[in-house]
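Below: one structure, written as structure tokens.
The values are calculated or read from the model by the stated rules, or taken from the named source; none is laboratory data. Keep in mind that this is a model prediction, so the values were computed, not measured. Positions of Cβ are backbone-derived with ideal geometry, glycine not excepted, and every protein chain shown enters the neighbour counts.
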Amino acid sequence: MNKIATLSLVAAVAVSASSAFAGAKTCCANKAGKMECSQIYAKLNLTPDQKTKLDSFQEQCEKDGCTEGSMEKFFASAKGVLSSEQYAQLQSECSKMPKHSAKSES
């Protein structure tokens, strides 16, 4: 029963996070967003290896323009290195971050 509840929660967070990024630049699109991502990582109790990998994924996302597509790629990559609890927390925290209009350049 616990596994079903956890899986349902992860699925709900994934759906809400993906729709939250539609049509807007994502959290990493400016300096404040990068700082918030660092604060989120601190909450996840990452291993040094996990942090290095997430930093690399985030850097690639930024190079790709922090678009909806690049964030989907970021989350797919992150899912491969985080525990299910860490991944759910990452998506939850990122969905709370302010989005930036697609027209603004930071």
Condition set in contact with a helix residue (DSSP H, G or I) (Cβ under 8 Å, 6 or more places away or on another chain) and in a loop (DSSP other than H, G, I, E, B), scope region 77-97, selection surrounded by the most Cβ atoms within 10 Å (Cβ to Cβ): answer is L82
(1) modelled with pLDDT of 75 or more; (2) of a type in the set (S, T, N, Q); (3) out of contact with any Cys (no Cβ under 6 Å at 6 or more places or on another chain) all hold for T6 apart from (1)
The residue that is modelled with the lowest pLDDT, considering only those in region 32-82 that are touching a Cys at 6+ places or on another chain (Cβ under 8 Å) and small (G, A, S), is G33
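Listed here are the residues, each with its yes/no results for (1) buried (at least 17 other Cβ atoms within 10 Å of the Cβ); (2) part of a helix (DSSP H, G or I); (3) out of contact with any strand residue (DSSP E or B) (no Cβ under 9 Å at 6 or more places or on another chain); (4) of a type in the set (K, R).
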| residue | (1), (2), (3), (4) |
| --- | --- |
| I40 | yes, yes, yes, no |
| K51 | no, yes, yes, yes |
| Q60 | no, yes, yes, no |
| F75 | yes, yes, yes, no |
